Amino acid sequence: MTCYRLTPHIVEKPWGRDDIPANYGATHGQRIGEVWFTGPESLAQPLLVKYLFTSARLSIQVHPDDDQAQARGLAGGKSECWYVLDTQGDARLGIGLRRPIDTDRLRAAVIDGSIEELMDWKPVRSGSFYYIPAGTIHAIGGGLTLVEVQQNNDVTYRLYDYGRPRELHLDDGLAVSRPEPYALPQQRVSSEASALLVDEQRAPFSLENLVSPAGETLRLGDGLCWFVPLLGRGLIDGQPWQAGECWLIDSGADLSVEQALHALLARPAPLDRRPQVG
């Protein structure tokens, strides 16, 4: 059994904020949009956990699935999920389109900017959860703090960026987009009850909402998993854990809970069981 406390890395973004938690390090006046958690290079890390802090809308973008990415010589695609921790003002997530359109209409909407009005901007609050399969056109709005769990592949096709001077990827993005409404319901994540949020039947990873009162000891099971404590503190493999961290466990662990636990637990699906979503 080996447990790694992953190292947080702050990432500056034009839509970021200057009020991220102090435990992630000094920001020196930067607008920090993301905190990435990474571990030793010697250990396979097929998933990536991030905290996101937004003051404005992120680009409207899309990701390929594994087959589409590998056909372009990339390691794999990117499906992801979002759990909303906090909101400010009229916080929304753009997920899918309000109505189905064809690829030519989507291209025109991206070029003339009307894609903003075509997006389905869903109101969210603390506890809102969405799984975003590859091929879904999406954007994260401003005023949000959320946890993102994703396949660890750096492949994003930016369709529209509100006039910011950043590279767009129109042809690649159109080739993998599903220009249609999002079909899955919003889920609510409770800090009072454990539940399976994403399973391997529909995603390249599973995600569990894990809740436990103080005084319990939990066995996290064998196999690679990411432990993301949102509330609480305790010990894991004899090491202290606390909320706001991310741990990578490569072969199971006993988790003691000293203060009531609310966490996310992510596991990659075996390669031969990953669904194709394109």
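The values are calculated or read from the model by the stated rules, or taken from the named source; none is laboratory data. Bear in mind the structure is a predicted one, so any value in this text is a computation, not a measurement. Backbone-built Cβ (ideal geometry, glycine too); neighbour counts: all protein chains shown.
Quick one: which residue in VAL149, VAL198, VAL257, VAL228 is in contact with a Cys (Cβ under 7 Å, 6 or more places away or on another chain), farther than 30 Å from LEU97 by Cα and at pLDDT 95 or above? Give the derivation first.
Working: VAL149 fails: farther than 30 Å from LEU97 by Cα; VAL198 fails: farther than 30 Å from LEU97 by Cα; VAL257 fails: in contact with a Cys (Cβ under 7 Å, 6 or more places away or on another chain).
Answer to the selection: VAL228.
Looking at ALA69, ALA44, ALA56, can you tell me which residue is surrounded by fewer than 17 Cβ atoms within 10 Å (Cβ to Cβ) and either touching a residue at least 12 places away in the same chain (Cβ under 8 Å) or in the same structural domain as GLY142 (by TED's automatic domain parsing) (or both)?
Answer to the check: ALA44.
Within segment 222-271, considering only strands (runs of 3 or more DSSP E) that don't extend past its boundaries, which have at least 1 residues that are basic (Lys, Arg) and within 23 Å of ASN23 (Cα to Cα)?
225-236
Quick grid of which residues meet (1) closer than 29 Å to LEU159 by Cβ; (2) charged (D, E, K, R):
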{"residue": "VAL198", "(1), (2)": "yes, no"}
{"residue": "ILE236", "(1), (2)": "no, no"}
{"residue": "GLU245", "(1), (2)": "no, yes"}
{"residue": "ASP254", "(1), (2)": "no, yes"}
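Considering only residues that are of a type in the set (A, V, I, L, M) and not in a loop (DSSP other than H, G, I, E, B), look in segment 55-83 and name the one that is nearest to the chain's Cα centre (by Cα).
Checking each candidate, the answer is VAL62.
In segment 24-41, what residues are part of a loop (DSSP other than H, G, I, E, B) and out of contact with any Phe, Trp or Tyr (no Cβ under 7 Å at 6 or more places or on another chain)? Steps first, answer last, please.
Taking segment 24-41 and keeping what is part of a loop (DSSP other than H, G, I, E, B), we get 25-31, 39-41.
Across segment 24-41, the qualifying residues are GLY25, ALA26, THR27, HIS28, GLY29, GLN30, ARG31, GLU41.
How many of the residues making up segment 214-228 are over 12 Å from SER256 (Cβ atoms) and in contact with a strand residue (DSSP E or B) (Cβ under 9 Å, 6 or more places away or on another chain)? Don't jump to the end; show me each part of the working.
Step one: filter segment 214-228 for residues over 12 Å from SER256 (Cβ atoms), giving 221-228.
With the extra rule that they be in contact with a strand residue (DSSP E or B) (Cβ under 9 Å, 6 or more places away or on another chain), the set shrinks to 221, 223-228.
Number of matching residues: 7.
What residue, of GLY89, GLY77, is crowded, with 22+ Cβ neighbours inside 10 Å, in contact (Cβ under 8 Å) with a residue 40 or more places away in the chain and out of contact with any Lys or Arg (no Cβ under 6 Å at 6 or more places or on another chain)?
GLY77
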